[in-house]
Amino acid sequence: MGHRIIFATGNEGKMKEIRLLLEDLGLPVLSMKEAGAFPEIVEDGRTFGENAEIKARAVWNCTGDIVLADDSGLVVDYIDGEPGIYSARYMGEDTSYEIKNRNIIERLEGARGSERSARFVCNIAAVLPDGRVLHTEETLEGLIAHRPAGTGGFGYDPILYLPEFGMTSAEITMEQKNKISHRGKALKAMAKALREVLKGEMERTEDENTNCQ
Ligand code: ITT
């Protein structure tokens, strides 16, 4: 049916995980750069869901394909949910994650055990060719580590300690992370929803063809 999926992200770390996760759908998956779509995106939503939809809609306005976007971030309970939807912009876009991660650990000085609870949150929005929007949202629960560890993943991965692995999310493999992560679970749910949409579309086309005979 000629569908393709455009993923509205400029984050290469996300894109690597996404390609692996959407492989099964059997549709070409392109980054917005590969699709030649460079809209100006102002992420001024108040929630992960609103921001995901803003990003997906901006690229959909350029291409009209199935456009997916992820808005995600780290929510740390001890500091009232910061950095939350501001995770990418926390301490400035250009500040290194080494500095951001060290800063969060410092702000949790004195926090013990479950007081260090935190999670990655991911909301995926999909804008369909007819303009309809679907959302899925998932989390990856953990604790803020006492020191950064690991070189895998990206962003705040070195400081989210996952008790069930005894490691941070930067120390597990990408395959392991994709199975349990906020993005992995939200994308899996989205892939399921998209499969339903495509199946419905195929059935309608078959009905129309039958009506024409
Ligand atoms: P796009 O908007 O272009 O997709 P972005 O990096 O600006 O890229 P967000 O606005 O969704 O994306 O911000 C997400 C930030 O949250 C990201 O830059 C990381 O700092 C953090 N984050 C999200 N998922 C993460 C993960 O799996 N591991 C580590 N950090 C993550």
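Summing charges over all other residues whose Cβ lies under 15 Å from the Cβ of residue 168, with Lys and Arg as +1 and Asp and Glu as -1, gives +1.
In percent, what relative contact order does the range 1-72 have, based on Cα pairs under 8 Å that are 6 or more apart in sequence?
Numbers: 94 pairs, mean separation 29.4, N = 72.
Relative contact order, the range 1-72: 41 percent.
Sparsely packed loop sites in the range 47-110 (the GluC sites (Glu not before Pro) outside DSSP H, G, I, E and B with at most 15 other Cβ atoms within 10 Å) comprise 93, 109.
Extension gain, residue 193 to residue 80: 0.36 nm times the residue separation minus the Cα-Cα distance gives 37.4 nm. Given R0 = 35 Å, the distance between the Cβ atoms of residue 98 and residue 176 translates into a calculated FRET efficiency of 0.90. Exposed loop sites are taken as trypsin sites (Lys or Arg not before Pro) in a DSSP loop (any state but H, G, I, E or B) with at most 10 other beta carbon atoms within 10 Å; the longest stretch of the chain without one runs 133-213.
Each residue of the range 114-119 was assigned a 3J(HN,Hα) from its phi angle through the Karplus curve 6.51 cos²θ - 1.76 cosθ + 1.60 (θ = phi - 60°); the sequence is 5, 5, 8, 4, 7, 8 Hz, with glycine and proline shown as x.
Ordering 142, 124, 39 by Cα displacement along the dipole of the range 8-164 toward the positive end leaves 142 in first place; charges were set at the Cβ atoms of Lys, Arg (+1) and Asp, Glu (-1).
For the chain, the longest principal axis of the C-alpha atoms and the axis of helix 97-107 are separated by about 50°. How far, in degrees from 0 to 90, does helix 182-212 lean away from the longest principal axis of the Cα atoms of the chain, to the nearest 10? Taking Cα atoms only, the helix is inclined about 0 degrees. Each Lys and Arg contributes +1 and each Asp and Glu -1, all at the Cβ; summed about the Cα centre of the range 104-146, the dipole is approximately 60 debye. Relative contact order for the chain: 18 percent, from Cα pairs under 8 Å spaced at least 6 residues apart, divided by residue count.
Values quoted throughout were computed directly from the atomic coordinates according to the rules given, and no laboratory measurement underlies them. Please read all numbers here as calculations on a predicted model, not as lab measurements. Backbone-built Cβ (ideal geometry, glycine too); neighbour counts: all protein chains shown.
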